[in-house]
Amino acid sequence: MSTVLNEVLAANTAYASDFGDKAKLPLPPGRRFAILTCMDARLDPAKYAGLAEGDAHVIRNAGGRASDDAIRSLVISYKLLGTREWFVIHHTDCGMQLFTDDVIAGLLDKSLETASIDAQGWHDHGQGPGSVHGHFVKWLTFDDLAGSVAADVARIRSHPLVPHSIPIYGYIYDVRSGRLQEVDEATRLGRAD
Ligand SMILES: [Zn+2]
């Protein structure tokens, strides 16, 4: 069995052995809010936002972008499970700023194996074959960090299935300090009315 698989199962055994009152948690998030954030391994929303089990919804994808699927989760979050405030939290040094749609599609053309990056850019080392399918995906990369937070808040705010009563806050998490920095433009765009 793989080392990671062993480690995960051992950690789960320890976690479940001290599960306690968490067995009685209700399904809807107790603090009635949701966070959309990046999958980056350095971000732990439970720690940076002070969450315990049962508190809030956390929706994660590459970049923390307001993709169709992120919006699907947010709509379920309020419509069926009662959240009332939402956060969009991107972060400094995000990997989504390191490539474009053309770059990843070109790498996937060559092979499906893991590429590497250096000062000259991305390089593919795989044997191939690759695939054309990368050209048909909108990868939701960005080059303006605050701009991407504002754009995602604006997209969610204007979505026809999102009620105007939900405030949407826009923040950037700093991977060097652990601090959240407000994106004023995003919060202004996300204001409830
Ligand atoms: Zn990221």
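Values in this text are rule-based calculations from the coordinates and carry no lab data. What you see is a predicted model, and the numbers here were worked out from it, not measured in a lab. Please note: Cβ atoms are built from the backbone with ideal geometry, for glycine as well, and neighbour counts cover all protein chains shown.
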Exercise. Scanning for something part of a loop (DSSP other than H, G, I, E, B) and touching a residue at least 40 places away in the same chain (Cβ under 8 Å), does segment 153-161 turn up at least one residue?
Worked result: yes
Exercise. Of all the residues that make up segment 42-53, how many are aliphatic (A, V, I, L, M) and surrounded by fewer than 16 Cβ atoms within 10 Å (Cβ to Cβ)?
Worked result: 2
Seminar exercise, completed: Okay, strands (runs of 3 or more DSSP E) sitting entirely in segment 52-124 with 1 or more residues that are over 13 Å from the mean Cα position of the chain (by Cα), closer than 26 Å to residue 174 by Cβ and of a type outside the set (Gly, Ala, Ser), I get 85-91, 116-118, 121-123
Exercise. Does residue 74 fit the bill of being of a type outside the set (Val, Ile, Thr) and without any contact (Cβ under 8 Å) to a residue 60 or more places away in the chain?
Worked result: no
Exercise. List the pairs whose first member sits in segment 1-28 and is over 15 Å from residue 52 (Cα atoms), whose second member is surrounded by fewer than 10 Cβ atoms within 10 Å (Cβ to Cβ) and not basic (Lys, Arg), and whose Cβ atoms are under 9 Å apart, counting only residues at least 6 apart or on separate chains?
Worked result: 9/1
Problem set entry | Residue check for residue 178: surrounded by 14 or more Cβ atoms within 10 Å (Cβ to Cβ) and among the small types (Gly, Ala, Ser) | no
For this session: Please list, ordered by first then second residue, the pairs with beta carbon atoms under 6 Å, 6 or more apart or interchain, first in segment 54-70 and surrounded by fewer than 18 Cβ atoms within 10 Å (Cβ to Cβ), second assigned to a strand (DSSP E or B) and hydroxyl-bearing (Ser, Thr, Tyr).
Result: 60/37
